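Working notes for the structure below.
Taken together, the values in this text are just the output of simple stated rules run on the coordinates, not laboratory data. All values derive from a computational prediction rather than experimental measurement. So basically every Cβ, Gly included, is an ideal-geometry build from the backbone, and we count neighbours across all protein chains shown.
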Amino acid sequence: MINHDGELIPDHSPVLTHDNRGLKYGDALFETLRSVGGTLFFWEDHYFRLMASMRILRMEIPMGFTMEHLASEIKRTVEGNGLEKAARIRLTVFRKDGGLYGPTTNDVSYLIEATLLESPFYLLGDGPYEVELFKDFFIGLDMLSNLKSNNKVLHVLASVYAQENGYDNCLLLNTDRMVVEAINGNLFLVQGPVIKTPPLGEGCLDGIIRKKVIEIIKGTEGLELQEVRISAFELQDSDEMFLTNSIVGIQSVGKYRKKEYGRELARSLVGKLNAKARMTTAN
């Protein structure tokens with residue numbers, strides 16, 4: 001079952017028209033998050049990021065679009081699919097049909113999807129995980145790059161490149177040729193006690209788990225968090241590399257070219273992230 005504007009319908013039902021603005025112009029935003037045992041992980045952060053992003057895109061926020069209402073609709077969708085134990089949620093908001101580049105309305109519709117998650121906890125995989133740079137196209141240094149919008153063709157092309165060349169993921173560069181993020185998550189490098197991650201001004205996604213991991217690192221004695229520009233040359237000078245997103249949590253990278261990485265800090269952080277997630281409540 002999927003939830004379209006509060007109506008639960010079979011997931012094979014036609015929902016969007018040929019005039020859908022998300023389809024035609026990428027005029028849409030989305031949030032992906034975990035639902036575990038009735039709790040939406042870091043829901044308040046996801047909700048306020050969505051509201052801020054809608055304002056940036058000049059979308060009209062409906063009066064009923066409260067944190068409580070959307071949480072209720074997500075839970076109803078989870079229950080309708082029998083996924084109360086653990087589910088991956090995608091909440092997509094798009095401007096309603098009409099217009100060419102210029103919309104005829106700023107009113108929005110939404111779509112909620114729920115799919116099975118294998119584990120209710122964040123797990124750090126021990127298998128090999130190899131990444132490479134994607135250098136065909138570049139991320140802009142602007143606020144739009146921070147948004148979780150449907151304009152992800154660069155990430156799609158990087159995914160195709162990774163599949164064709166046998167990599168697990170690719171690292172993306174901005175127009176200054178600095179390393180920004182991975183296809184599906186934010187980037188962290190470990191150099192002794194110093195953990196580096198690109199600042200939002202470099203064009204990386206304003207990730208929820210990025211934010212939580214930064215909080216954990218800043219609260220851990222002996223570690224230093226630096227939000228700094230990262231060049232490709234630094235990648236092979238690091239002890240660890242890991243990626244973060246709302247579904248996987250923390251993904252440790254095993255190899256980049258001839259460099260192989262450890263995962264000691266990532267293993268410690270994933271335990272703290274799980275503890276932080278368990279404190280989450282859906283308001």
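A compact table of results
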read-out: Quarter of Cα convex hull surface for the stretch 77-188, i.e. mean projection, nm²; value: 10.1 nm²
read-out: DSSP bridge pairs, the stretch 130-277: antiparallel proportion in percent, nearest 5; value: 65 percent
read-out: Span from the the stretch 207-229 Cα centroid across to the the stretch 71-125 one, whole angstrom; value: 28 Å
read-out: Contact order relative to length of the chain, as percent, for alpha carbon pairs under 8 angstrom and 6 or more apart; value: 20 percent
read-out: GNM top mover of SER268, SER246, SER159 - the chain, alpha-carbon springs below 10 Å; value: SER268
read-out: Signed unit charges on C-beta, dipole axis of the chain, positive-most listed residue LEU111, ASN151, GLY185; value: GLY185
read-out: Per DSSP, loop GluC sites (Glu not before Pro) in the stretch 38-83 with at most 15 further Cβ within 10 Å; value: GLU60
read-out: For the stretch 62-149, size of Cβ-based charge dipole, Lys and Arg +1, Asp and Glu -1, in debye; value: 280 debye
read-out: In sequence order, calculated HN-Hα J values of the stretch 172-178 (Karplus, 6.51, -1.76, 1.60; Hz; x Gly/Pro); value: 9, 10, 8, 5, 8, 6, 8
read-out: Added length on full extension, which subtracts the Cα-Cα distance from 0.36 nm per residue, ARG229 to LYS258; value: 8.2 nm
read-out: Whole-Hz couplings from phi, Karplus 6.51/-1.76/1.60, listed for the stretch 85-101; x for Gly and Pro; value: 5, 6, 9, 9, 10, 10, 10, 10, 10, 9, 5, 5, 3, x, x, 9, 4
read-out: Förster radius 45 Å - calculated FRET efficiency between ARG278 and LYS135 (Cβ-Cβ, nearest 0.05); value: 0.65
read-out: Label-point separation, LEU23 to PHE121 (7 Å along Cα→Cβ), nm; value: 4.3 nm
read-out: Spacing of the two label points (7 Å from each Cα toward its C-beta) at VAL156 and THR105, in nm; value: 2.6 nm
read-out: Global geometry of the stretch 1-154, whether rounded, prolate or oblate, following the gyration tensor of its Cα atoms and the 1.5 cut on a/c; value: oblate
read-out: Candidates per trypsin sites (Lys or Arg not before Pro) in the stretch 169-243, loop by DSSP, up to 13 other Cβ within 10 Å; value: ARG177
read-out: Charge dipole (debye, nearest 20) of the chain; +1 at Cβ of Lys and Arg, -1 at Cβ of Asp and Glu; value: 200 debye
read-out: For SER35, net neighbour charge (Lys/Arg +1, Asp/Glu -1) across residues whose Cβ lies under 9 Å away; value: +2
read-out: Cβ-defined net charge surrounding LEU23, 15 Å radius [Lys, Arg +1; Asp, Glu -1]; value: +2
read-out: Spatial separation of Cα centroids for the stretch 235-278 and the stretch 146-164, in angstrom; value: 21 Å
read-out: Gain upon complete extension [THR92, ARG76; 0.36 nm per residue less C-alpha separation]; value: 4.2 nm
